[in-house]
Amino acid sequence: MAAKIDVHIPLGVGEVARRSGVTVATVHFYEAKGLIHGQRSPGNQRRYHRDVLRRIAVIKVAQRAGIPLATIKAALEELPSGRPLTAKDWTQLSTRWRDMLNERINSLTQLRDQLDGCIGCGCLSLADCPLRNPGDRLGQEGDGAVLLGQ
Ligand code: FES
């Protein structure tokens with residue numbers, strides 16, 4: 001028979017790291033960045049509520065998707081505090097991050113296609129190369145020799 005876990009006993013930093021699959025330094029880093037929160041024990045050791053495990057899982061997945069830590073933090077701060085992350089929270093976060101990922105994929109696909117057109121060219125022209133002049137920025141500044149005097 002498995003030992004019963006008391007969910008009210010806070011976890012030490014080593015236990016959080018082990019159960020989350022991250023290093024102790026990562027746990028400290030997340031806390032320093034305000035992504036997770038702990039308390040000091042009477043013996044002056046960091047202690048974390050078990051909810052932190054789910055929070056770290058969400059952070060790790062978001063990081064894998066390339067979501068910046070500041071964006072992850074902002075999203076987590078929008079959620080009600082004082083309760084564990086729910087499946088509904090995760091659906092909301094992952095849907096938003098999926099949309100961000102799609103935007104990045106579209107942007108990178110466009111960049112790759114433009115790069116395809118540059119391979120073998122080598123002009124690197126501000127006027128003609130889409131990588132040097134994204135979205136025809138110069139064309140929007142008017143007709144003529146807009147680069148004169150630059
Ligand atoms: S290098 Fe010539 S179009 Fe980009």
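The values are calculated or read from the model by the stated rules, or taken from the named source; none is laboratory data. Values in this document were obtained by computation on a predicted structure and should not be read as measured data. Positions of Cβ are backbone-derived with ideal geometry, glycine not excepted, and every protein chain shown enters the neighbour counts.
So is Ala87 without any contact (Cβ under 8 Å) to a residue 40 or more places away in the chain and either among the aromatic types (Phe, Trp, Tyr) or surrounded by 13 or more Cβ atoms within 10 Å (Cβ to Cβ) (or both) or not?
no
Give Ile56, Ile67 a once-over and let me know the one that is in a helix (DSSP H, G or I) and among the aliphatic types (A, V, I, L, M).
Values: Ile67 fails: in a helix (DSSP H, G or I).
It is Ile56.
What number of residues within the range 1-56 satisfy the criterion of being at pLDDT 95 or above, of a type in the set (Val, Ile, Thr) and farther than 25 Å from Glu78 by Cβ?
Adding up the residues that qualify gives 3.
Would the range 109-119 turn up any residue that is more than 16 Å from the ligand (Cβ to nearest atom) and not in a loop (DSSP other than H, G, I, E, B)?
Applying the first criterion (more than 16 Å from the ligand (Cβ to nearest atom)) to the range 109-119 yields 109.
When the remaining residues are screened for being not in a loop (DSSP other than H, G, I, E, B), the result is 109.
Scanning the range 109-119 turns up at least one residue that is more than 16 Å from the ligand (Cβ to nearest atom) and not in a loop (DSSP other than H, G, I, E, B).
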